[in-house]
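Written below as structure tokens is the structure these notes are about.
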Amino acid sequence: MSQSMYSHSVIQDLDPTKLKARQFSKSTAPVSKKADNSLWTETPAERQQRLADEVSGKKRRAVDTKVDEEPSDENKRRRMDEAVIRKDVDDYTQILRVPARVAQHEVSCKGAEKDKDDLGIWDHSRDMSLGLVRG
């Protein structure tokens, strides 16, 4: 009795006219500077003009352009170490794992083709048997 009275009173307390609209919160964070998207949208002619201006010194170099830097000795050494580690991991993985099903199937198909070729075009026991082994 008390449970039904409680739930009934809760339902009556909800007034649909007093419900607020639920929305995502609006951020009050300050708006950051607008990013320069001109490198994304520039045409080839604009790109040539920009590069010419950068070379002549009229404009500063664009921020997002990549500079072809020669890798330092440390970077070369790190890349070589990573390549050695990657090769060692690949070798270990090949040794540890069972061959893929596709590779197993290819091996079994090659064996079947050899057997088929060895027996000739037509083999009486293979082609005429019903699969029963008599012994």
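The values are calculated or read from the model by the stated rules, or taken from the named source; none is laboratory data. Owing to the predicted nature of the structure, the values given are computational and were not obtained by experimental measurement. Methodologically, a virtual Cβ is constructed for each residue, glycine included, from the backbone with ideal geometry; neighbour enumeration extends over all protein chains shown. The area values use the complete protein model at the heavy-atom level, side chains included, leaving out ligands, DNA and RNA. Shrake-Rupley method; radii C 1.70, N 1.55, O 1.52, S 1.80 Å.
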Answer yes or no as to whether R126 is modelled with pLDDT of 90 or more, of a type in the set (D, E, K, R) and assigned to a helix (DSSP H, G or I).
no
So, first residue among the hydrophobic types (A, V, I, L, M, F, W, C) in the range 51-71, second residue at pLDDT 75 or above and open to solvent by 100 Å² or more (accessible area, probe 1.4 Å), Cβ within less than 9 Å, six or more apart or across chains; the pairs are A52/K58; V67/R61
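One line per residue, one yes/no per condition, for (1) touching a helix residue (DSSP H, G or I) at 6+ places or on another chain (Cβ under 8 Å); (2) at pLDDT 90 or above; (3) not in a loop (DSSP other than H, G, I, E, B):
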| position | (1), (2), (3) |
| --- | --- |
| R61 | yes, no, no |
| T65 | yes, no, no |
| R78 | no, yes, yes |
| V98 | no, no, no |
| A103 | no, no, yes |
| S108 | no, no, yes |
Residues that are modelled with pLDDT of 75 or more, basic (K, R), over 39 Å from the mean Cα position of the chain (by Cα) and on the phi < 0 side of the Ramachandran plot: does the range 36-48 have at least one?
no
